[in-house]
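Just below is one structure, and these are the notes that go with it.
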Amino acid sequence: MSVRQLAWRALYEVLAARVQRPEWAFMNYGYLVQPPADGPPLDAADEPDRLCIQLYDHVLTGTDLRGADVLEVGCGRGGGASFIARYRAPRTTIGLDLSRRAIALCRRYRRAPGLSFVQGDALALPFPDGAFDAVVNVESSHCYSSMDDFLAEVHRVLRPGGSLLFADLRPAREMAALRRGLGEGPLELVELHDITAHVRGALDIDDDRRRALMEAWIPRRFHRAFEPFAGFRGTATFARLERREIQYVSARLVKAGASEAA
């Protein structure tokens, strides 16, 4: 595992341990919809997290999850899995994360029909073959030591016709390898979109709110490490997204077999 991957993982662990606020449900960079009226209808309680939810909504577009068994790999603080369970009417939704502290937080605060959480490794999923109709993976795979192993595990746990619904970022120099891995792996690549501008736009317009939350929720001694992680304006992360030195893609992949699930 690279130094960069270890740093991301360590920060996720610290945040899960130190910041127990139930209101902090999402950790992704968000997705800007233009015009804003095209965004999904949300309950009032979910509006503060609209931009983060819109990233999930984008990733799920075109896949009917009604009555499906869904796994989110890398569920973090549980907001995405909760959104899926409450808005997309699956039969079951399981959120999985490597962090025991994050899973404990999810079990404490996230409630929805058919929703549960499991601690486990994305590269050795603790589920039987063919257990799910869809696997969701949002802004998590950059922490994995092997995308090939992850895709093999997703292929194993998906039912024939099931979908991997994916979104993540990479340094531009690594993007060709990611695209090749998605296109040449065990799943059929159906759609691939460069959404860098949508993600950078979300970070830009949400900057003031996110900074205020950092001041309110994150212990001050962690601010210096958290700022580039959060992609605030003025950080190297934000500048690299602007220059497309970091790029962000979404994708839908399907396991060969029966018609797409759900």
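The values are calculated or read from the model by the stated rules, or taken from the named source; none is laboratory data. This one's a predicted model, so the numbers in the text were calculated from it and none came from an experiment. Every residue, glycine as well, gets a Cβ built from its backbone with ideal geometry; the counts of neighbours run over all protein chains shown. For accessibility, only protein heavy atoms count, side chains too; no ligands or nucleic acids. Shrake-Rupley method; radii C 1.70, N 1.55, O 1.52, S 1.80 Å.
How many residues, within segment 207-242, are open to solvent by less than 60 Å² (accessible area, probe 1.4 Å), in contact with a helix residue (DSSP H, G or I) (Cβ under 9 Å, 6 or more places away or on another chain) and closer than 30 Å to Gly183 by Cα?
6
Mind checking which helices (runs of 4 or more DSSP H) fall wholly inside segment 115-219 and carry at least 3 residues that are of a type outside the set (Phe, Trp, Tyr) and at pLDDT 95 or above?
By residue number, 147-157, 172-184, 196-205.
Scan (1) open to solvent by 10 Å² or more (accessible area, probe 1.4 Å); (2) farther than 18 Å from Trp24 by Cα; (3) of a type in the set (A, V, I, L, M); (4) in contact with a helix residue (DSSP H, G or I) (Cβ under 7 Å, 6 or more places away or on another chain) for the single condition Leu98 breaks and write down its number.
Result: Leu98 fails condition (4) only.
How many residues are open to solvent by 30 Å² or more (accessible area, probe 1.4 Å), touching a Phe, Trp or Tyr at 6+ places or on another chain (Cβ under 9 Å) and either of a type outside the set (A, V, I, L, M) or under 15 Å from Thr93 (Cα atoms) (or both) if we restrict to segment 110-136?
Of the residues in that region, 1 qualify.
Given the structure, is Glu245 modelled with pLDDT of 95 or more, open to solvent by 40 Å² or more (accessible area, probe 1.4 Å), among the charged types (D, E, K, R) and under 28 Å from Phe127 (Cα atoms)?
no
Yes/no matrix, rows are residues, columns are (1) of a type outside the set (Val, Ile, Thr); (2) open to solvent by 60 Å² or more (accessible area, probe 1.4 Å); (3) in contact with a Ser or Thr (Cβ under 9 Å, 6 or more places away or on another chain); (4) not in a helix (DSSP H, G or I):
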position: Trp24; (1), (2), (3), (4): yes, no, no, yes
position: Val59; (1), (2), (3), (4): no, no, yes, no
position: Gly76; (1), (2), (3), (4): yes, no, yes, yes
position: Ile84; (1), (2), (3), (4): no, no, yes, no
position: Ile103; (1), (2), (3), (4): no, no, no, no
position: Arg108; (1), (2), (3), (4): yes, yes, no, no
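Can you find a residue that is open to solvent by less than 10 Å² (accessible area, probe 1.4 Å), modelled with pLDDT of 95 or more and either aliphatic (A, V, I, L, M) or under 28 Å from Leu178 (Cα atoms) (or both) anywhere in segment 41-51?
no
Would you mind telling me which numbered condition in (1) in a strand (DSSP E or B); (2) surrounded by fewer than 18 Cβ atoms within 10 Å (Cβ to Cβ) Ala251 fails?
All conditions pass for Ala251, except number (2).
Yes or no: Pro90 within 27 Å of Arg200 (Cβ to Cβ), outside any helix (DSSP H, G or I), open to solvent by less than 40 Å² (accessible area, probe 1.4 Å) and not acidic (Asp, Glu)?
Judged against the criteria, Pro90 is not a match.
List every residue pair whose Cβ atoms lie under 7 Å apart, where the two residues are 6 or more positions apart in sequence or sit on different chains, the first residue falls within segment 48-69 and is of a type in the set (Asp, Glu), and the second residue, located anywhere, is surrounded by 22 or more Cβ atoms within 10 Å (Cβ to Cβ).
Once the first residue is of a type in the set (Asp, Glu) and sits in segment 48-69, its partners that are surrounded by 22 or more Cβ atoms within 10 Å (Cβ to Cβ) give Asp49/Ala25; Asp49/Phe26; Asp49/Gly79; Asp69/Pro90; Asp69/Phe132; Asp69/Asp133.
Please tell me if Arg224 is assigned to a loop (DSSP other than H, G, I, E, B), of a type in the set (Lys, Arg) and within 29 Å of Met175 (Cα to Cα).
Spelling it out, it is not the case that Arg224 is assigned to a loop (DSSP other than H, G, I, E, B), of a type in the set (Lys, Arg) and within 29 Å of Met175 (Cα to Cα).
List the residue pairs whose Cβ atoms are under 8 Å apart, where the first residue sits in segment 234-249 and is free of Cβ contacts under 8 Å to residues at least 12 places away in the same chain, the second is open to solvent by 20 Å² or more (accessible area, probe 1.4 Å) and basic (Lys, Arg), and the two are 6 or more positions apart or on different chains.
Every condition considered, no pair remains.
From Glu174, Glu184, Glu139, which residue is under 30 Å from Glu242 (Cα atoms), of a type in the set (Asp, Glu) and surrounded by 21 or more Cβ atoms within 10 Å (Cβ to Cβ)?
None of the others qualify; the one that does is Glu139.
Which pairs have Cβ atoms under 6 Å, sit 6 or more apart or on different chains, and link a residue in segment 130-147 that is closer than 20 Å to Ala172 by Cβ to one that is buried (at least 23 other Cβ atoms within 10 Å of the Cβ) and among the aromatic types (Phe, Trp, Tyr)?
Partner pairs satisfying both residue conditions: Tyr144/Phe150.
What is the one condition in (1) of a type in the set (Ser, Thr, Tyr); (2) farther than 21 Å from Arg88 by Cβ; (3) crowded, with 23+ Cβ neighbours inside 10 Å that Ser145 does not satisfy?
(3)
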